[in-house]
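All remarks here apply to the structure that follows.
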Amino acid sequence: MESTTVILAVATLAGLYMAWNIGANDVANAMGTSVGSGALTLRGAIIVAAIFEFGGAMLVGGTVTETVRQGIVSLEAVGGDPMILALGMTACLLAAAVWLHVATYFGWPVSTTHSIVGAVVGFGITAGGVSAVNWGVMGSIVASWVVSPVLGGVIAYLLFRLLRNRVLDDDEPIEALTRFGPWLISVLGFVLTLSLLWKGLKPLHLNLPIHVALPVAVSAGVVVGLVSIPILKRRTRAIEEGGSHDPERVFLFLQILTACFVAFAHGSNDVANAVGPLSAVYGAIEHGVSEQVTVPMGMLVVGAVGIVIGLATYGYKVMATIGKEITALTPSRGFVAEFAAATTIVAASKLGLPVSTTHTLVGAVVGVGFTRSLGALDLGVVRGIILSWFITVPFAALLAAGLFALARLAI
Amino acid sequence: MRIPLAHLLVKSPLPRIADQMKAVAACVDRVPELIQALVDGDQPAIERLARDASSLEGEADRVKNEVRGSMPVRLYLPVDRRDVLRLIAQVDAMADCAEDVGVILTLRPLTVPEGCETLLVLFVERVMATVESASRLVDTTDSLIKSGFGGRAAEQVRALIDEVGRREHEADKLQDQCAKVIFKAEKELSPVAVFMWMKLLNKLGDIANHAENVGDQYRLFIAA
């Protein structure tokens, strides 16, 4: 058997394992908020995740994948040998997977994204020296890790304040929601359309410039908002006829939308963690070292399928656990947290920045907590997350460097 | 499992103060029975009720320690943690005073001066009414959290706090009337008896005072 075949097989397995891990943990965390409030059943969450993870990965996921594949480490600096690149990226996948396995075992709140980025940096330094790493790109990635949870938190804080003033504290909260809800749905439609159209996927001719994409997205938002008015009215009437005046029941319905949005955002950002290195290995073996190769669709499919399998085989357990624990996150709070996190993540995806979905969602929930609307938050988790920022990258980098050095000796 | 969200969103210790209040109320409930036994001159019943109150106070302490134990510093609460601890202390103080009422009555058997019985019973009724209001106030904690310490729930809480204050004032007035009756009878009473009566009336009044302080802590919670 040729060594390239072996490397490709190992890389595919490691990539699948990464994707499985992402599905089993990250997606489960992202969807767990909807399961906890009762907006989705476990089965519903898996179906929503399957569809929208896939969609997000296919339609918006390419940019982040490019960053992980060739943005962090300059491919020329690691030498012209495609074998080095293939070996290195395989080592990265293995290193990140091992680190995630350890972290998952101990329950540490580390990020899949941070692990793979750290591993790629470790490989880059070992293969081409410190200058092989594109420190400018790396700097903006690391900055985005701090900015994304904070931004998610700020959006969630402001949005929940607004929602409380306009809807929840109103004398007729359900009435207020039928007036205010369409605006929220409009914004959601706008963000989604803009993320699809602006610098979207070239093969589908979605790569419109901003001055075309923006008006289209605005009109799409308006249309979605208008369409939602009668639907929301019918929905609230059904709830009121059932004898309930609890606005949370309406948010339960709205939260289904943000659950889809979260799955989409996650797919657009996190599929890259498995697919980025894998497509680099594949590209190196098939085409040699070249920066021109676009991410093959087949790779994105592999990543998306791996994620869904991870969710279906293990993620449901994680979701069930989260669902039981987070009953304090009522539909209105879950809606806001998901909306804020997903918007932040999609924005990061458009900028090609790999961020952590879970950390952003944690930031958003803390933002809701700052409005005094959650019973208690364990800030030990936030401390753990900040600690993980400083530990994950060096550790994954060392592990990838070690694995790569070993593999290079063996070849 | 990596489940940071589940670890982040922990169960709030605040609604558990309602559990503490329940235990305290069970102890304070012995007070009217004690006073009735005093009016009836039934010293064996007083001894029995005082023992009851003491063991119920112990139970209230146990619940209090549990609530305090569920409030590690790393928790972020929608209200100042120190205010919560003060609230817990005020709730607890009601049970302490109730136990002390029992102790005072067993230290030195008292006889109720003529004309004081009805006033005394009425005074204790007012004290208990204040405690009852405070108890309902504590029960709103859950809905207060759900509404983010604002909106209609906060308005209801504000009304309840005012009610606690009004009832405490009523209790205060009756305490003064009782004291006047005691001093009017000072010639027939021994100085030690007068001293013990003042101690008793103060302890009873303190139960209402602490109930009012509970209300004041809630006022801090909902202050925007």
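Values in this text are rule-based calculations from the coordinates and carry no lab data. Because the structure is a prediction, the values reported are computed rather than measured. Note that we place each Cβ from the backbone using ideal geometry, even for glycine, and neighbour counts take in every protein chain shown.
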| remark: Placing +1 on each Lys and Arg Cβ and -1 on each Asp and Glu Cβ in the stretch A:254-411, then taking the dipole about the Cα centre, the residue among A:Ile309, A:Gly375, A:Phe335 whose Cα reaches farthest towards the positive end is A:Gly375
| field | 26 Å tail of the calculated P(r), the stretch A:1-129, as % of Cα pairs | value | 31 percent
| message | Please compute the contact order of the stretch A:1-116 in relative form: average sequence separation of alpha-carbon pairs under 8 Å and at least six residues apart, divided by the residue count, as a percent. | response | 40 percent
| task | Give me the Debye-computed log₁₀ of I(q)/I(0) at q = 0.14, 0.18, 0.21 Å⁻¹ for the stretch A:21-88, equal point scatterers on Cα only, no solvent, two decimals. | result | -0.61, -0.78, -0.89
| Once both axes come from the Cα atoms, what is the angle between helix A:82-106 and the longest principal axis of chain A, in degrees from 0 to 90, rounded to 10? | 50 degrees
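Over the stretch B:118-179, consider all pairs of different Cα atoms and compute the Kirkwood hydrodynamic radius from their mean reciprocal separation; express it in Å, one decimal.
This gives a value of 12.5 Å.
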| task | For A:Val73, list long-range residues whose amide hydrogen, built 1.01 Å from N in the peptide plane, is under 5 Å from its own amide hydrogen. | result | A:Asn134
| task | Report, in whole Å, the centroid distance computed from the Cα atoms of the stretch A:106-127 and the stretch B:106-142. | result | 66 Å
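Could you grab the relative contact order for chain B? Cα pairs under 8 Å, six or more apart, rounded to a whole percent.
Relative contact order of chain B: 28 percent.
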| said: Only four residue types carry charge here, +1 at the Cβ of Lys and Arg and -1 at the Cβ of Asp and Glu. Report the dipole size of chain A about the Cα centre in Debye, rounded to the nearest 20. | reply: 380 debye
| Angle, helix A:112-128 long axis vs. longest principal axis of chain A, Cα atoms, 0 to 90°, nearest 10? | 20 degrees
| task | Throw me the Rg/Rh for the stretch A:336-411, computed over C-alpha atoms with Kirkwood Rh, two decimals. | result | 1.17
| note | Once normalised by the length of the stretch A:78-164, the mean sequence separation of its alpha carbon contacts under 8 Å that are 6 or more apart gives a contact order in percent of 27 percent
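What is the mean projected area of the alpha carbon convex hull for the stretch A:114-187, to one decimal in square nanometres? Provide the component values of the computation, followed by the final result.
Values: hull surface 27.2 nm².
Over every viewing direction, the Cα hull of the stretch A:114-187 projects on average to 6.8 nm².
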| task | Could you tell me which of rounded, prolate or oblate describes the stretch A:215-254, using a ≥ b ≥ c as the square roots of the eigenvalues of the alpha-carbon gyration tensor, with rounded for a/c under 1.5 and, failing that, prolate when a/b is larger than b/c and oblate otherwise? | result | prolate
| Leading residue at positive end of dipole, the stretch B:14-129 (Cβ point charges), from B:Ile104, B:Ala18, B:Val84 | B:Val84
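According to the square roots a ≥ b ≥ c of the eigenvalues of the Cα gyration tensor, what is the shape class of the stretch A:192-340, taking rounded for a/c under 1.5, prolate for a/b larger than b/c otherwise, and oblate for the remainder? Intermediate values should be presented prior to the final figure.
Numbers: a/c = 3.56, a/b = 1.53, b/c = 2.33.
Since a/c reaches 1.5 but b/c is at least a/b, the shape of the stretch A:192-340 is classed as oblate.
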| field | Cα convex hull of the stretch B:50-159, projected area averaged across orientations, nm² | value | 9.0 nm²
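Give, rounded to the nearest 20 debye, the magnitude of the charge dipole that the stretch B:127-182 has about its Cα centre when Lys and Arg contribute +1 at Cβ and Asp and Glu contribute -1 at Cβ.
On the way: 8 positive and 10 negative charges, 18 e Å.
Taking the Cα centre of the stretch B:127-182 as origin, the dipole is about 80 debye.
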| Helix A:173-197 vs. chain A, principal-axis angle (Cα, 0 to 90°, nearest 10) | 20 degrees
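In terms of the Cα gyration tensor, with a ≥ b ≥ c the square roots of its eigenvalues, is the stretch B:57-99 rounded because a/c is under 1.5, prolate because a/b exceeds b/c, or oblate? Could you put the intermediate results ahead of the total?
Values: a/c = 4.47, a/b = 1.86, b/c = 2.40.
Note, shape of the stretch B:57-99 comes out oblate.
Rg/Rh for the protein assembly as shown: what does it come to with C-alpha atoms and Rh from Kirkwood? Could you put the intermediate results ahead of the total?
Working: Rg = 32.3 Å, Rh = 27.8 Å.
So for the protein assembly as shown, dividing Rg by the Kirkwood Rh gives 1.16.
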| task | Please report, in debye to the nearest 20, how large the charge dipole of chain B is about its Cα centre when each Lys and Arg carries +1 at its beta carbon and each Asp and Glu carries -1 there. | result | 1040 debye
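Taking the Kirkwood radius as the inverse of the mean 1/r across Cα pairs, report the Rg/Rh of chain B.
Working: Rg = 19.7 Å, Rh = 18.6 Å.
Checking Rg against Rh, the ratio lands at 1.06.
Mind ranking A:87-97, A:309-319 by how tightly packed they are, going by the mean number of other C-beta atoms within 10 angstrom, highest first? All intermediate terms of the calculation are to be shown ahead of the outcome.
On the way: A:87-97: 29.4, A:309-319: 21.4.
Per-residue mean Cβ counts within 10 Å order the peptides as A:87-97, A:309-319.
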| Choice from B:Glu57, B:Glu212, B:Glu186 showing the highest fluctuation, given a GNM over chain B with Cα pairs closer than 10 Å | B:Glu186
| request: List the lysines whose Cα lies under 20 Å from the Cα of B:Lys199, skipping any in the same chain that are fewer than 8 positions away. | output: B:Lys173, B:Lys180, B:Lys184, B:Lys187
| query | Along the charge dipole of the stretch A:192-331, which of A:Val223, A:Ser195, A:Ala238 sits closest to the positive end, that is, farthest toward it, with unit charges on the beta carbon of Lys, Arg, Asp and Glu (+1, +1, -1, -1)? | reply | A:Ala238
| Histogram of C-alpha separations across the stretch A:127-251, 5 Å bin width, % | 2, 10, 12, 13, 14, 14, 11, 9, 6, 4, 2, 2, 1, 0
| query | Expressed as a whole number of Å, what is the distance separating the alpha-carbon centroids of the stretch A:238-273 and the stretch B:164-204? | reply | 61 Å
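Select from the stretch A:51-91 those GluC sites (Glu not before Pro) which occupy a DSSP coil region and have at most 15 other Cβ atoms within 10 Å, ordered by residue number. Can you show the working numbers first?
Details: sites: A:Glu53, A:Glu66, A:Glu76; in loops: A:Glu76.
Those that pass, being in a loop and sparsely packed, are A:Glu76.
When Cβ neighbours within 10 Å are restricted to other protein chains, what is their mean count per residue of peptide B:148-159?
3
Determine, for each peptide in B:93-102, B:141-150, B:200-209, the mean count of other beta carbons within 10 angstrom over its residues, then list the peptides with the highest first. Please report the intermediate quantities before stating the final value.
On the way: B:93-102: 24.6, B:141-150: 20.0, B:200-209: 22.2.
Final packing ranking: B:93-102, B:200-209, B:141-150.
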